[in-house]
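Here is the structure we will look at.
The values are calculated or read from the model by the stated rules, or taken from the named source; none is laboratory data. Keep in mind it's a predicted model, so treat the numbers as computed, not measured. A quick note on method: Cβ atoms are made from the backbone with ideal geometry, for glycine too, and the neighbour counts reach across all protein chains shown. Side chains are part of the model used for accessible areas, which takes the heavy atoms of the whole protein and leaves out ligands, DNA and RNA. Shrake-Rupley method; radii C 1.70, N 1.55, O 1.52, S 1.80 Å.
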Amino acid sequence: MPLERVEQLDYMADDWEGTDSCDEFEGELDNVEINLDDDDMPTKVTDTSAAQARKGKDIQGITWEGLNVTRQSYRLTRLEQYRNYENIPLSGEAVDKECKQVEKGGNYYEFFYNARSVKPTILHFQLRNLVWATSKHDVYLISNDSLMHWSSISRNLSEVLNFSGRIVPTEKYAGNLFEGLTLTQISTMAVKNRFVVAGGFQGELICKSLDKPGVSFCARTTYEDNAITNAVEIYESVSCGPRFMAANNDCGVRVYDMEKFQQMNHFRFPWPVNHTSMSPDCKLFTVVGDDLDGLLVDSRNGKTVASIVGHLDYSFACAWHPDGRTFATGNQDKTCRIWDLRNLSSSTAILKGNIGAARSIRFSSDGQFLVVAEPADFVHIYSTKTDYKKRQEIDLFGEISGVSLSPDDESLYIGIWDRTYGSLLEYNTRRSCRYLDSFV
C-alpha cells in the first residue's frame with residue numbers, strides 16, 4: 001500500500017469558524033502522517049470490546065503503533081492547536097486566568113464497547129444534542145440524513161426515519177403541514193417516552209411515535225430567514241401531560257402539547273435562543289442564547305424571574321438537577337457553571353473544560369453525576385456528592401455529536417463524528433461493567 005502523507009495536523013473545528021454548516025468540514029484523525037508497511041496495514045478497523053481494551057487495544061481502534069506519532073504526542077498537538085470558537089473574543093482566555101480545573105481521579109463509568117458501524121454526524125458545529133439513549137441498550141442518533149436506532153444487545157443498526165425525501169404526516173391534527181416537508185436538514189432532536197421530536201435548519205419540527213409507522217406531525221414554526229431550530233426538550237407537565245419545547249434562532253420558544261400537537265405558548269426573547277431546560281416541577285425554565293446572561297423564566301407566562309450573570313460568551317446548553325434547586329449552564333467561554341435558586345448572585349461552581357465550549361450537559365437521573373461534553377476529544381463526569389470537586393475525564397479523539405445517559409444511569413453513550421474513526425462509544429457504571437462483559 002502506498003504511503004499516505006499529510007503535511008500538518010489540522011483540527012476539524014478550524015474549518016468551521018464563521019460558518020453555520022459542516023459541509024466544508026475536513027481534517028480529521030486521518031490527517032496524520034501514516035507510515036505503514038503492507039503487512040502491518042489493518043484490513044479493517046473493527047469494533048472494540050472492554051476485554052480487548054484491557055489487553056491494550058485502543059478503544060477507538062486507532063493503530064498508534066503503525067502511525068508516525070504516539071497518542072501522547074498527538075494529544076499534546078491537539079491541545080496546543082485547537083482554537084475554541086468564540087463569539088466574544090478572548091472569552092476563553094479570560095476564564096483560564098479566572099479559574100482552575102477540577103482535579104481528576106473519579107472513576108464512575110468504564111469503557112464497555114465501541115461500535116464502528118454506527119456513524120454519528122453533525123450538521124451545525126454549535127449544536128450537539130444528536131444522541132439519545134432511551135434505555136441502557138437502545139440509542140437513537142442522527143447519521144447523515146437519517147434517524148438511526150442502535151441496539152447494544154443485538155449490535156444491530158436500523159433506520160427509523162429518512163429526512164432526505166418528502167415527509168408527509170399520517171395523522172390529522174390542526175396545524176399539521178399536510179403537504180409535508182422536503183429535504184429537511186436536522187439540526188437538533190430529543191427522544192423520550194417513545195417519541196422523537198426533530199428540529200430543522202428552516203424552523204421545521206417533525207414528531208414521530210416510535211411505536212407506530214409514519215410521522216404524527218410536521219410543521220414550520222417560522223418562515224424567517226434566521227429560523228434554525230437550536231434545541232428541543234420533551235418533558236412531562238405535572239398538570240397538562242406530555243409536552244415539548246422548541247428553542248429557535250428567531251428569538252422564540254414555543255411549547256406544544258404532545259397529544260394533539262397544538263402550540264400552547266410562544267414566548268419571545270431579545271436574542272436568539274440556543275437552549276432551554278424545564279425545571280422538574282415545570283414551574284420555571286432556563287433560557288440561554290446569544291447573550292452573556294441567561295434567564296430564569298416563569299413557564300406560565302414567560303416572564304423573566306431572574307437573570308443568570310457570570311458567563312463571558314454565548315451559551316448553548318443548560319440542564320436541571322433532579323432536586324429542582326440546582327441547574328447548570330454550558331458556555332463558549334469553556335465553562336459549565338452551577339447555579340442555586342436560593343442564591344443566584346453568583347454561580348456555586350465553575351467547571352472549566354480543556355479545549356472548548358461546554359456544548360452538551362446532562363445530569364444523571366439520580367442526581368449523582370453531571371456529564372459535560374466539549375466540542376471534541378473530552379467528556380467530563382463530575383460527582384455532585386463532592387460538590388463538583390472531583391471528576392472523571394474521558395479522553396478520546398474526534399468531534400462529539402452528543403452524549404446521553406440511559407434513564408437508569410447504567411449506560412453513557414458518546415457519539416463521535418470523524419471521517420475515519422467515527423463511532424458510538426458505550427460506557428457503563430463500574431458496578432455493571434463486569435457483569436455485561438460476559439455477554440460480549
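Quick check: anything in region 129-138 in contact with a His (Cβ under 9 Å, 6 or more places away or on another chain), open to solvent by less than 20 Å² (accessible area, probe 1.4 Å) and farther than 14 Å from ILE414 by Cα? No, every residue in region 129-138 fails to be in contact with a His (Cβ under 9 Å, 6 or more places away or on another chain), open to solvent by less than 20 Å² (accessible area, probe 1.4 Å) and farther than 14 Å from ILE414 by Cα. When residues in region 48-84 are screened for being in contact (Cβ under 8 Å) with a residue 40 or more places away in the chain and open to solvent by 50 Å² or more (accessible area, probe 1.4 Å), 3 of them pass. Looking only at residues of region 282-311 that are among the β-branched types (Val, Ile, Thr) and closer than 25 Å to MET264 by Cβ, we find that the one that is surrounded by the fewest Cβ atoms within 10 Å (Cβ to Cβ) is THR304. Among the candidates PHE267, PHE201, single out the residue that is surrounded by 15 or more Cβ atoms within 10 Å (Cβ to Cβ) and more than 21 Å from the chain's Cα centre (by Cα). Of the residues listed, the single one that is surrounded by 15 or more Cβ atoms within 10 Å (Cβ to Cβ) and more than 21 Å from the chain's Cα centre (by Cα) is PHE267. Would region 208-215 turn up any residue that is open to solvent by less than 10 Å² (accessible area, probe 1.4 Å) and over 25 Å from SER360 (Cα atoms)? Yes, that holds for at least one residue. Inspection of region 325-338 finds a residue satisfying the criterion of being touching a residue at least 24 places away in the same chain (Cβ under 8 Å), open to solvent by less than 20 Å² (accessible area, probe 1.4 Å) and either touching a Pro at 6+ places or on another chain (Cβ under 6 Å) or charged (D, E, K, R) (or both). The residues in region 392-408 that are more than 21 Å from LEU147 (Cα to Cα), open to solvent by less than 10 Å² (accessible area, probe 1.4 Å) and of a type outside the set (A, V, I, L, M) can be counted, and the count is 1. Note on region 273-298: residues that are over 19 Å from HIS311 (Cβ atoms) and polar (S, T, N, Q) amount to 1. Of the residues making up region 203-247, those that are under 13 Å from SER187 (Cβ atoms), outside any loop (DSSP other than H, G, I, E, B) and in contact with an Asp or Glu (Cβ under 9 Å, 6 or more places away or on another chain) are THR229, ALA246, ALA247. Give me the residue from region 152-193 that is assigned to a loop (DSSP other than H, G, I, E, B) and touching an Asp or Glu at 6+ places or on another chain (Cβ under 7 Å) and, out of that set, surrounded by the fewest Cβ atoms within 10 Å (Cβ to Cβ). Ranking the candidates gives SER164 first.
Residues checked against (1) among the β-branched types (Val, Ile, Thr); (2) within 22 Å of PHE125 (Cα to Cα); (3) at pLDDT 95 or above; (4) assigned to a loop (DSSP other than H, G, I, E, B):
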position	(1), (2), (3), (4)
ILE350	yes, no, yes, no
GLY356	no, yes, yes, yes
GLY367	no, no, yes, yes
LEU370	no, no, yes, no
PHE378	no, yes, yes, no
VAL403	yes, yes, yes, no
THR420	yes, yes, no, yes
ARG431	no, no, no, no
ARG434	no, no, no, no
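Just a yes or no: is a residue in region 290-300 closer than 18 Å to ALA190 by Cα and part of a strand (DSSP E or B)? Within region 290-300 (the criterion being closer than 18 Å to ALA190 by Cα and part of a strand (DSSP E or B)), the answer is no, since none of the residues qualifies.
The requirement of being crowded, with 20+ Cβ neighbours inside 10 Å and more than 19 Å from the chain's Cα centre (by Cα) is not satisfied by THR276.
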